[in-house]
C-alpha cells in the first residue's frame with residue numbers, strides 16, 4: 001500500500017523542489033522522502049565511489065547517509081539548499097571511513113586560516129571541464145582527500161564554490177584556492193600525453 | 001521459475017525502515033535545544049575568556065608592572081618576566097575552543113580562522129579592558145579577598161593578584177623617605193600594604209633625563225635596577241602616586 005501510494009503521487013512530485021519536499025517530510029509526509037532518495041542516490045554513490053579509494057562499501061554508506069538524513073531532517077533549514085545539506089552528511093560519512101583507514105585530518109587546516117579571495121575561472125569551457133574530468137579520473141589516487149573532494153564536487157557533482165563551501169564548512173575563498181592547488185598538483189603528476 | 005528473492009534497493013530498504021518505525025525523525029525541539037545549549041556554552045566560554053583577560057590587566061595594574069614598559073629594553077624584559085603567562089595561555093585555549101564551537105554555525109565557517117579568532121581576541125580584549133578600567137569590580141573583589149569573603153577559588157585568585165617580586169628581583173614599589181640631588185631613599189611596600197622599616201638608597205642612571213626633580217617625601221614610586229645590599233642602581237623609576 002505504501003509503495004502504491006508512492007507510485008500514484010510520485011509523478012506529481014517532479015515539479016517540487018528538494019527544499020519543498022524536505023519541508024513536507026518535516027511536516028509528517030514520510031513517504032515523500034523516497035523522492036529525495038530517488039534524486040540523490042546515484043549522485044551520492046558516484047561521489048562516494050570517486051572519493052573513497054575502496055568503494056566496495058559505498059552502497060551501505062549511502063544507505064546510512066539517507067537514514068541519517070531522515071533522522072535529522074528537522075534540523076534542515078528549508079531556506080537553504082538541500083543539495084549542500086545532504087552532501088555534507090555524505091561528506092562526513094566518507095571522511096569517517098577514511099579516518100578509520102588512512103586519513104587523519106589535522107587540528108588546524110592552514111587553508112582556512114588566511115583570507116583567500118575567490119578565484120573564478122569563467123573561461124573554463126565544456127572542453128576544459130571534460131579534460132579536467134579525465135585528468136581527475138587518472139590522477140585521483142595521487143591526491144590527498146582534501147584536494148580530491150573539491151575536484152569531485154566541482155567537476156563531477158557540478159557544484160558552485162558557495163555550495164562546496166557549505167558542504168565542507170570552509171570559506172568560499174578556501175574552496176577556490178584548494179581547487180587551484182588541486183589542479184596544479186594533478187597537472188604535475190599526470191602526463192597529459194597519456195590522456 | 002526463479003524463486004530467488006531480489007535484494008532490496010537502497011530506496012526500498014530505507015522506506016521500509018521508515019514505515020516500520022525502525023528509523024524515526026528526531027523532533028524539532030531536539031535541534032532547537034542543541035542550538036540553545038551550544039549558544040549557552042559559547043557564551044559561558046566567552047565570559048570566562050573575558051574574565052581571564054580582565055584579571056591579567058588587573059594583575060598588571062595592581063602591581064604597576066605596566067610602568068616597566070617605559071624603562072627601556074631591561075624594563076620590557078622585566079615586564080615579560082612578571083607577566084602571568086599561564087593565565088594568558090588559559091585564556092587563549094578558551095578562545096580556541098570558542099572559535100571551534102562557532103564553526104558549527106554558518107556565520108562561523110564562512111569566515112577565515114584568522115579573522116574569526118582575531119575578532120574574538122579583539123572583542124574579549126576590549127570588554128576585559130572596560131571591565132577592569134571602567135568598573136570597580138576587580139578592586140572590590142580584591143578588597144573582599146583580603147578579608148577572606150570570597151569563595152575559595154576566587155579568594156585565592158584575587159588574594160594572589162598583588163605579589164612582590166622575588167628578593168633581589170630588582171623591581172620594587174616603595175615610599176620615598178628622603179631625596180638628594182641624584183639619589184633618594186625608599187621604604188619598600190610589603191604584600192599587606194605596609195612598609196619595610198629598612199631604607200634602601202636608589203642611585204639614578206647618569207643621564208640628563210634621570211633626575212630627582214619633582215620627587216617628594218611620601219611619593220609612591222616603582223623602581224627597577226640592580227641591587228647591591230642596601231643600594232639599588234636604577235635603570236628606571238616612575239612616580240605612581242604623589243604624596244598627599
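Quick note: the coordinates plus some simple rules give every number you see, no bench work behind them. This is a predicted model, so every value here is computed, not measured. Cβ: placed from backbone, ideal geometry, glycine included. Neighbour counts: every protein chain shown.
At a threshold of 8 angstrom on Cα-Cα distance, excluding pairs fewer than six apart, so keeping six or more, what relative contact order does chain B reach in percent?
Working: 299 pairs, mean separation 37.4, N = 244.
With pairs under 8 Å counted, the relative contact order is 15 percent.
Apply the Debye scattering formula to chain B, with a single equal point scatterer on each alpha-carbon and no solvent, then give log10 I(q)/I(0) at q = 0.07, 0.08, 0.16, 0.17 Å⁻¹.
-0.42, -0.50, -1.16, -1.24
So how do B:85, A:85 line up by other beta-carbon neighbours within 10 Å, fewest first?
Sorted ascending by nearby Cβ count, the order is B:85, A:85.
Taking N as the number of residues in the stretch B:25-118, what value does Rg over Cα atoms divided by 2.2 N^0.38 Å take? Intermediate results must be reported in sequence, preceding the final value.
Details: Rg = 18.7 Å, N = 94, 2.2 N^0.38 = 12.4 Å.
Rg over 2.2 N^0.38 Å, computed on Cα atoms: 1.51.
How do B:172, B:163, A:116 rank when sorted from fewest to most other Cβ atoms within 10 Å of their own Cβ? Please report the intermediate quantities before stating the final value.
Working: B:172 22, B:163 13, A:116 19.
By the 10 Å Cβ count, ascending: B:163, A:116, B:172.
So, by mean Cβ neighbours within 10 angstrom, what's the order for A:164-172, A:71-79 with the highest one leading?
Working: A:164-172: 22.7, A:71-79: 15.7.
With the highest mean Cβ count within 10 Å placed first, the list reads A:164-172, A:71-79.
Partner chain Cβ atoms within 10 Å, averaged over the residues of B:8-20 - can you pull that number for me?
On the way: counts 1, 4, 13, 11, 3, 5, 13, 10, 2, 4, 10, 5, 0.
What the average comes to for B:8-20 is 6.
Expressed in whole Å with the largest first, what are the equivalent ellipsoid semi-axes of the stretch B:104-145 derived from the C-alpha gyration tensor as the square root of 5 times each eigenvalue? Don't skip to the end; give the middle numbers.
Numbers: eigenvalues 214, 20, 10 Å².
With the √(5λ) rule applied to the stretch B:104-145, the semi-axes are 33, 10, 7 Å.
Against the longest alpha carbon principal axis of chain B, how many degrees, from 0 to 90 and to the nearest 10, is the axis of helix B:72-82 turned?
Roughly 60 degrees, rounded to the nearest 10.
Hey, fewest Cβ within 10 Å first, where do B:64, B:59 land in order? It would help to have the intermediate numbers written out before the result.
Working: B:64 17, B:59 22.
Ranked by crowding around the Cβ, least crowded first: B:64, B:59.
Rounding to the nearest 10 and keeping the result within 0 to 90°, find how far the Cα-based axis of helix B:28-62 lies from the longest principal axis of chain B.
The angle comes out at about 10 degrees.
Mind checking A:71-79 for the average number of partner chain beta-carbons within 10 Å of each residue's beta-carbon?
Numbers: counts 5, 4, 3, 8, 8, 1, 1, 0, 0.
Mean partner-chain Cβ count within 10 Å for A:71-79: 3.
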